[in-house]
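In what follows, a structure is listed as structure tokens, so that the remarks can point back to it.
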């Protein structure tokens, strides 16, 4: 039978938890190059700092108000405090939001279930792939998740104390949170608390003047930044509020992009919740099968998970990271599933499968010295020495947990404050999944080359073209960020326009282009110049060919100095 003792002895488990969380989320935070949509937050924040205009976001001087302002402001504030604008600064607000989400999850579990269940849910979340990945990513998704958790926590903390203050704080969390990414921080908490409001007609108590007054204040706080932005720069054509409606409401009911199949979250959620997916399946199956036997808080957390899943599934616009807010509630469901005395035999089976998945990863890590030579022979990939050592060390640490559990089976539970059967997978998941993002990813990221290319291009343009740069074929925010452009960089896609640009300017330009646009550029540049770029972005031998127009199969971006003086 699962140990249901809900009392944690001493503060040691909490000290260990928060130290672990800080190590997992902060280690080498700024080492990884900017990736994917991070470039939008990075470049918009950099341009805000450069221009001093914090209400009219731009990328390369062009309006970009697709997301609200608060997530940019948090990055800007961090930059002002630290005196630097880099990858660490970009990601710091997400890490803080991640820590708040962990705290909110623990407190919600303690409020609903028990002290041990809350801390267990925190450990489950901390060892989850999707949580760690997005908490270490410089976007607004983790702030969005944290606001939702905190709003739901506040509801349960003040559930039996309705009043103006209770309402106002709830709406403030929701509407201020909506300024990080979007209206999901308003809608999702409402969806989550709705089952409890409907139960025993609790909603009747909320039909009060004080509630509507608090709601009005929350709405005003949401609208004011948009109204101010729309009325303070006549030359800025983008309207934040209109885009907020388009990005949230219009996209939900009449999607114009991100159109993925309706079943896609059945695929995304198991990935995001890895490696705890096995126990999540067990929790859903067991709790649904024994629904009538559950107490109300357990029923509610089950219903909340189902409703959040349905809310995002019913939207016509779907993306993997949209459903991130469900992760803390999945963690709470798994934690409570291991506490309730139901289906003990099948529960142990799911725990054994969970341990088997983690043990398989451990075995792969421990056998990595045998795997690297095979990988090198088949693909040409040569793993950095640091990656080889970190992989083996993380595997050895995980193996140590198994050995400790074998001879001191109660030690893990005492250290983590979790139920004894769950202590082993909790520690293994944090070591294996957290260790990957905190330590293994650093040497892996050393293979990325765009940052080095961009910095070299910046130096070259300043030395030889007076800072004149033109991009043919698509300018990335990553390149702009690393080049620290102070003026708008011409970005030309059309072949004819590029030819006219070079023919009709009286300057020397550093022309940058990617391999996808080499073919037309070969005929635009002066004769013989195409094959003699002054700068090449390195591509490793094991990387795949991306374009037939590479002359040696190894470049992604190139740069040429073109004298366009008449």
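Any read-out appearing in this document is the output of simple, stated calculations on the displayed coordinates, not a laboratory observation. Predicted model, so just to flag it, every value in this text is computed and none were measured. With ideal geometry, Cβ positions are generated from the backbone for all residues, glycine too; neighbour counts draw on all protein chains shown.
Descriptive notes on the structure:
- Convex hull of Cα atoms in segment 154-194, direction-averaged projection (nm²): 2.7
- Added length on full extension, which subtracts the Cα-Cα distance from 0.36 nm per residue, residue 164 to residue 538: 128.6 nm
- If you wrap the Cα atoms of segment 12-337 in a convex hull and average its projected area over all directions, you get 17.4 nm².
- Nitroxide proxy distance, nm - points 7 Å out along Cα→Cβ at residue 241 and residue 62: 2.7
- Per-pair calculated FRET efficiency, R0 = 60 Å: residue 156 and residue 516 via Cβ, rounded to 0.05: 0.70
- Cα shape, segment 177-332, gyration tensor, a/c 1.5 rule: oblate
- Euclidean distance between Cα centres, segment 17-53 to segment 238-277, Å: 23
- 222 nm mean residue ellipticity, helices alone, for the chain (DSSP H n ≥ 4; -39,500 (n - 2.57); rounded to 500): -18500 deg cm²/dmol
- Gyration tensor (alpha-carbon) shape descriptor, segment 164-216, a/c threshold 1.5: oblate
- Mean separation of Cα contacts under 8 Å (6+ apart) over length of segment 12-337, as relative contact order %: 21
- The C-alpha atoms of segment 450-563 occupy a region whose extents along the principal axes are 40, 29, 21 Å, arranged from largest to smallest.
- Residue-span extension gain [residue 527 to residue 254] - 0.36 nm each, minus C-alpha spacing: 93.3 nm
- Antiparallel %, DSSP beta bridges [both residues in the chain], to 5: 65
- For a label point 7 Å along the Cα-to-beta-carbon line of residue 464, residues of segment 476-519 with backbone N under 12 Å: 509-512
- For the pair residue 53 and residue 231, the difference between a 0.36 nm per residue extended length and the Cα-Cα distance amounts to 62.7 nm.
- Taking the square roots of 5 times each eigenvalue of the Cα gyration tensor of segment 115-266, largest first, gives ellipsoid semi-axes of 27, 24, 16 Å.
- Taking segment 450-563 and dividing mean pair separation by its residue count, relative contact order in percent (alpha carbons under 8 Å, at least six apart): 30
- For segment 354-401 and segment 83-155, distance of Cα centres in Å: 29
- When only Cα pairs below 8 angstrom with a gap of at least 6 residues are kept, the chain shows a relative contact order of 17 percent.
- Sorting the Cα pairs of segment 347-445 by distance into bins of 10 Å, from 0 upward, gives 15, 43, 27, 12, 2 percent per bin.
- In terms of the mean number of neighbouring beta-carbon atoms within 10 Å, the peptides 366-374, 57-65, 201-209 order highest first as 57-65, 366-374, 201-209.
- Alpha-carbon geometry of segment 37-96: the Rg and the Dmax are 10.3, 30 Å, given in that order.
- Listed peptides 211-223, 322-334 by packing density, highest first (mean Cβ within 10 Å): 322-334, 211-223
- Calculated FRET efficiency, residue 486 to residue 35, Cβ-Cβ distance, R0 = 30 Å: about 0.80 to the nearest 0.05.
- Nearest 10 degrees, 0 to 90: helix 450-464 Cα axis against the chain principal axis: 30
- Rounded if a/c under 1.5, otherwise prolate or oblate - segment 290-409, Cα gyration tensor axes: oblate
- Helix axis angle, 296-314 relative to the chain longest principal axis, alpha carbon, degrees: 30
- Note on the chain: Rg/Rh from C-alpha atoms, Kirkwood Rh, equals 1.01.
- Taken along the Cα-to-beta-carbon direction at a fixed 7 Å, the label points for residue 306 and residue 207 span 2.7 nm.
- Spin-label proximity, residue 86 to segment 27-50 - amide N less than 15 Å from point 7 Å beyond Cα toward beta carbon: 27-34
- Burial order of peptide ranges 447-454, 510-517, 396-403 (average beta-carbon count within 10 Å, highest first): 510-517, 447-454, 396-403
- In this simple spin-label approximation, residue 415 and residue 290 carry label points 7 Å from Cα along the Cα→Cβ vector, and these lie 3.0 nm apart.
- 0 to 90° range, to nearest 10: angle between helix 141-157 axis and the chain longest Cα axis: 20
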